[in-house]
Amino acid sequence: MLFSGANNTLTVVRNNEMIELEGDKQPVGNYKDAKPFTLKEFTCQAGDIIYLFTDGYADQFGGPKGKKLKSKVLKEILLNISTDNLNVQREKLLGFLEEWKGDLEQLDDISVFGFKV
């Protein structure tokens, strides 16, 4: 698999362990100090689950203190649900997000894409 990313990581769960391929710290669009994106190569194995996501899920405000969820928590959730069927994972991610944000407004786009090799 080849990967190039802008700001966000590509996350692989393999045998209940997380492997992360870091994206470059720059946006996709017009950027003053833009450099060519780094192309990373990764060898997938059967059973790997690959996750790509925007910052919207992790940046969602909510919880008891109305704070951001943070990417560390999202990655913990992904690791915890990675043994579930992908449809079940989707439902758990949606359910957790709804509970987290409560009555607060969703402020950003939220995309989480996962597939199993």
Filtering region 8-19 down to residues that are surrounded by 13 or more Cβ atoms within 10 Å (Cβ to Cβ) and modelled with pLDDT of 90 or more, which residue is farthest from ASN85 (Cα to Cα)?
THR9
Out of the residues in region 15-28 that are out of contact with any strand residue (DSSP E or B) (no Cβ under 9 Å at 6 or more places or on another chain) and assigned to a loop (DSSP other than H, G, I, E, B), which is nearest to GLY47 (Cα to Cα)?
ASN15
How many residues are in contact with a Lys or Arg (Cβ under 6 Å, 6 or more places away or on another chain) and either in contact (Cβ under 8 Å) with a residue 60 or more places away in the chain or assigned to a loop (DSSP other than H, G, I, E, B) (or both) if we restrict to region 46-74?
5
Apart from one, (1) closer than 21 Å to ASP109 by Cα; (2) free of Cβ contacts under 8 Å to residues at least 60 places away in the same chain; (3) surrounded by 15 or more Cβ atoms within 10 Å (Cβ to Cβ) all hold for ASN30; the odd one out is (3)
How many of the residues in region 84-112 are in contact with a helix residue (DSSP H, G or I) (Cβ under 9 Å, 6 or more places away or on another chain) and closer than 25 Å to ILE19 by Cβ?
8
For GLY63, indicate whether it is on the phi > 0 side of the Ramachandran plot and either surrounded by 12 or more Cβ atoms within 10 Å (Cβ to Cβ) or among the polar types (S, T, N, Q) (or both).
yes
Residue match in region 41-55 (condition: among the charged types (D, E, K, R), in contact with a strand residue (DSSP E or B) (Cβ under 8 Å, 6 or more places away or on another chain) and closer than 26 Å to ILE19 by Cα):
yes
Report, by residue number, each residue of region 75-117 that is surrounded by 12 or more Cβ atoms within 10 Å (Cβ to Cβ), closer than 12 Å to TYR57 by Cβ, among the hydrophobic types (A, V, I, L, M, F, W, C) and in contact (Cβ under 8 Å) with a residue 24 or more places away in the chain.
LEU78, LEU93, LEU97, TRP100, ILE110, VAL112
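The values are calculated or read from the model by the stated rules, or taken from the named source; none is laboratory data. All figures in this text were calculated on a predicted structure; none of them were measured in a lab. Quick reminder, even Gly has a Cβ in these numbers, built from the backbone with ideal geometry, and neighbours come from all protein chains shown.
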